[in-house]
Amino acid sequence: MGVLPNNYVFTDRGGITENKHYFHAAVVDANGTLLYYVGNPSLVTLARSTAKPAQALAILETGALDQFGFDDGDIALMCASHSSEDVHVARATDMLRKVQAREQDLQCGGHASLSETVNTGWIKAGLVPSAIHNNCSGKHAGMIGGAKALTTRSDRYHLPGHPMQVRVQQVFSELSGLDARDIEWGIDGCNLPAPALPLLNLARVYCGLAASADEAAVPGPAPAPRSQHLSRIFGTMAQNPRLVAGQGRFCTVVMEAYKGALVGKLGADGCYGVSVRASEQTTALGAEGAIGIAVKVEDGNIGILYSVVVEILQQLGIGTTAIWEALDGFHRPRLINTAGVVTGSLHFAFRVQKAS
C-alpha cells in the first residue's frame with residue numbers, strides 16, 4: 001500500500017467517515033519563495049473571484065479612479081463578491097452613475113444572492129435579481145470605467161481581446177511572476193475572463209498586496225505608483241470588509257477579526273487568497289516581509305474551504321486565540337440535522353509542510 005495523502009479534511013456521521021475533501025495550499029513571501037505548502041502548491045487553479053484585487057489594480061492603472069471620481073468604497077466593491085445587500089446595490093448603482101452607464105451595460109447577468117437572508121427578503125418582495133444584484137456588479141462597473149478611460153468606449157469590455165482585459169492579463173503576468181503565455185484563461189461565472197495559474201503564483205499575487213501596504217507605512221519617499229495602488233486596494237478591503245462580502249460572510253468576519261493585519265478573498269468553487277502583512281509572526285515563519293496564501297479545495301466545497309483557511313492560519317501561528325475564537329463557527333462548524341441534533345464533526349487530516 002502506498003503512502004496515504006495528508007491533504008484532506010473529513011467529516012463523520014456518528015463516528016463513520018462520510019466525506020473526504022482534498023485540497024492544496026501554498027504560502028510564499030515577498031521574494032516569491034515558497035515557505036510552506038499542503039498537497040501540490042503548483043496545482044494550476046482557476047482563480048475565479050480571488051482575481052478581483054488584481055483586476056481592480058488594472059482598473060486603477062487606467063486612470064479611471066480620478067477620471068470618474070471612484071472612492072475607497074468603490075474600490076472595495078470592485079474587489080467584492082458581495083451579498084447584494086441594499087448597501088452593495090446602492091453603491092454599484094452609484095458607480096454606474098459615475099461612469100455614465102446603465103444597468104443594461106453590465107455584462108454579468110443576475111443570480112440569487114450569496115446571502116440566504118437577502119434571498120428571503122427578495123422572495124417576500126417579489127424581486128427578481130438582475131445584473132445590478134450580481135455579486136460582481138462592482139467589478140463590472142469598475143471595468144466599464146476602466147474601458148472608457150482606455151478607449152472612451154465600454155461596449156464589449158468583457159471580451160478577452162478588449163484593451164481592458166488585455167490590461168488585466170498584463171497585470172496578472174507581472175504580479176504573479178509568470179510569462180503571460182503561461183497563464184490560461186477561462187470565462188468566469190460573471191462573464192469576465194478568469195485566470196488559471198499555479199497556486200504558488202496566486203499566493204505571490206496576494207503577497208504583493210500586503211508587501212505594498214507595508215511599504216506605504218514606512219516613512220520616506222513615496223512608493224512607485226503600482227505599489228501605491230496595491231496598498232490602497234489592501235487598505236480599502238481591510239477598512240470596508242462589509243462591502244467586500246456582507247453580514248456574517250467569511251471574508252467580512254475574518255477581516256474584521258484581524259483588524260487590518262490581513263485581507264482575504266473568496267473565489268468560487270473552492271479557491272481562496274489571503275494577504276498577510278509583515279509581523280513578528282511572519283518573521284517566525286522565515287518570511288522576508290509579508291506573506292501570501294492561496295488555497296484550493298478540489299471539490300469546490302466552500303464551507304470546507306473556510307475551515308481549511310482558518311486551520312492553516314492557526315497552524316502557521318498567524319493571529320491570536322481571541323481571533324481564532326471569533327472564527328470558530330467557520331473553523332469547526334456544528335454538523336446538525338433538521339431537528340437540530342448534532343450528527344457528526346469535522347476533522348483535519350493534514351499538517352502544513354515546511355518547504356525544503
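The values are calculated or read from the model by the stated rules, or taken from the named source; none is laboratory data. Treat the numbers as computed from the prediction; the structure is a model and nothing was measured. Glycine gets a Cβ as well: all are built from the backbone with ideal geometry, and neighbour counts include every protein chain shown. Heavy atoms of the whole protein, side chains included, go into the accessibility calculation; ligands, DNA and RNA do not. Shrake-Rupley method; radii C 1.70, N 1.55, O 1.52, S 1.80 Å.
Per residue, the Cα convex hull of region 24-104 amounts to 142 Å³. The packing ranking of peptides 248-256, 235-243, 160-168, 15-23, highest mean first, is 235-243, 248-256, 160-168, 15-23, where packing means the average number of other beta carbon atoms within 10 angstrom of each residue. Cα convex hull, region 154-216: 104 Å³ per residue, rounded to a whole number.
What the phi angles of region 195-212 give under the Karplus curve with 6.51, -1.76 and 1.60, with θ = phi - 60°, is a coupling list of x, 10, 8, x, 3, 5, 7, 5, 4, 5, 4, 6, 4, x, 4, 5, 4, 5 Hz, glycine and proline written as x. Using equal-weight Cα scatterers in the Debye expression, the normalised intensity of region 1-42 in log10 at q = 0.13, 0.34, 0.35 Å⁻¹ is -0.43, -1.08, -1.10.
Here semi-axes √(5λ) of the Cα gyration tensor in Å was calculated from the structure, and among [x] 31, 25, 19; [y] 40, 24, 17; [z] 47, 22, 17 it sits at label [x]. Dividing the summed helix terms, -39500 (n - 2.57) for each DSSP H run of n ≥ 4, by the number of residues in the chain produces a 222 nm estimate of -12500 deg cm²/dmol to the nearest 500. 3J(HN,Hα) couplings calculated from phi for region 302-308 with the Karplus curve 6.51 cos²θ - 1.76 cosθ + 1.60 (θ = phi - 60°) are, in sequence order, 6, x, 5, 4, 4, 4, 5 Hz; Gly and Pro show x. In the context of the full set of protein chains, residues of the chain present 42 Å² of accessible surface per residue (probe radius 1.4 Å, heavy atoms only). Among residues other than His331 with Cβ under 13 Å from its Cβ, the summed charge is -1 (Lys and Arg +1, Asp and Glu -1). Convex hull volume per residue, computed on the Cα atoms of region 240-316, equals 87 Å³. With the simple model of a label 7 Å out from the Cα in the direction of the Cβ, Ala125 to Asp179 spans 5.1 nm.
Each Cα pair under 8 Å and six or more residues apart adds its separation to the average, and for the chain the resulting relative contact order is 25 percent. The H on the amide N of Leu335, modeled in the peptide plane, is under 5 Å from the matching H of Thr343, Gly344, each at least 5 residues off or on a different chain. The packing ranking of peptides 324-335, 25-36, 75-86, highest mean first, is 75-86, 25-36, 324-335, where packing means the average number of other beta carbon atoms within 10 angstrom of each residue.
Please give the net charge around Asn191, taking every other residue with its beta carbon less than 13 angstrom from that of Asn191, where Lys and Arg add +1 and Asp and Glu add -1. Local charge sum for Asn191: +1.
For Ala194, nonlocal amide neighbours, meaning residues 5 or more places apart or on other chains whose placed amide H falls under 5 Å from its own, are Gly186, Ile187, Asp188.
Net charge in the neighbourhood of Lys98 (other residues with Cβ under 10 Å of its Cβ; Lys, Arg +1, Asp, Glu -1) is -2.
Among the protein heavy atoms of region 65-107, carbon and sulfur supply 41% of the accessible surface, probe 1.4 Å, non-protein parts ignored. Start at zero, step by 5 Å, and the Cα-Cα distances of region 79-186 spread as 2, 13, 20, 19, 17, 13, 9, 5, 2, 1 percent across the bins.
Taken along its three principal axes, the alpha carbon spread of region 228-356 comes to 51, 38, 29 Å, from the longest extent down to the shortest.
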